[in-house]
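Structure record follows, encoded as structure tokens.
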Amino acid sequence: MTESYFRNGVAIEGEWHYNSGAVLQEFQQKCPDFNFIVADFSNVVRNTVRVFPETDRHKKGTGRPTLCTNEVIEDVEERMENNPSTSLRHLSQEVELSGATCHEIVKKKLQLFPYNLHAYHELLPADFNRRIAYRILMMITSWI
């Protein structure tokens, strides 16, 4: 959209003039089956071009350092040994690193597999008949 906007610009007496209507015509040629609302399309083009210089190509981080030094890796390893059930979110807060950096250290450097354990009750053979009866009951009540 921004490329089309700047590509369709016209220099008049050394000053560039741009028209969102030319962008709309180009889009209508490329997508003839799509119905464009002219006012909305023009607003989107203007807002995109206005914001374009203000945005970076890269998303800004959280501000936490991302360096994986040997001391940091040893600290993370010690914390994981002392409390292996620590979540990566809590670990990142404790060592003051980003969650992605902690995930990288735990998975790639320490070769651990972070996951959460979930406790469920054991299904016994007697539970099968109860589950079938419950399913039949729910099917019958949904028909009513």
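The values are calculated or read from the model by the stated rules, or taken from the named source; none is laboratory data. Quick caveat, the model's predicted, so the values are computed rather than measured. With ideal geometry, Cβ positions are generated from the backbone for all residues, glycine too; neighbour counts draw on all protein chains shown.
Restricting attention to region 25-48, which residues are modelled with pLDDT of 80 or more and among the polar types (S, T, N, Q)? Within region 25-48, Gln25, Gln28, Gln29, Ser42, Asn43, Asn47, Thr48 qualify.
The test for being hydrophobic (A, V, I, L, M, F, W, C) and farther than 21 Å from Phe52 by Cα holds for Phe34. Taking each residue of region 3-15 that is in contact (Cβ under 8 Å) with a residue 40 or more places away in the chain and looking for partners that are basic (Lys, Arg) and assigned to a helix (DSSP H, G or I) with beta-carbon atoms closer than 7 Å, six or more apart or interchain, yields nothing. One residue is enough: does region 113-120 have a residue meeting the conditions modelled with pLDDT of 90 or more and of a type in the set (Phe, Trp, Tyr)? No, region 113-120 contains no residue that is modelled with pLDDT of 90 or more and of a type in the set (Phe, Trp, Tyr). Only residues that are more than 30 Å from the chain's Cα centre (by Cα) and under 19 Å from Phe6 (Cα atoms) were counted in region 25-38, giving 5. Applying the criterion of at least 1 residues that are in contact with a His (Cβ under 6 Å, 6 or more places away or on another chain) to the helices (runs of 4 or more DSSP H) found wholly in region 67-144 leaves 88-95.
Evaluated against (1) modelled with pLDDT under 80; (2) not in a helix (DSSP H, G or I), Val51 falls short on exactly one condition, (2).
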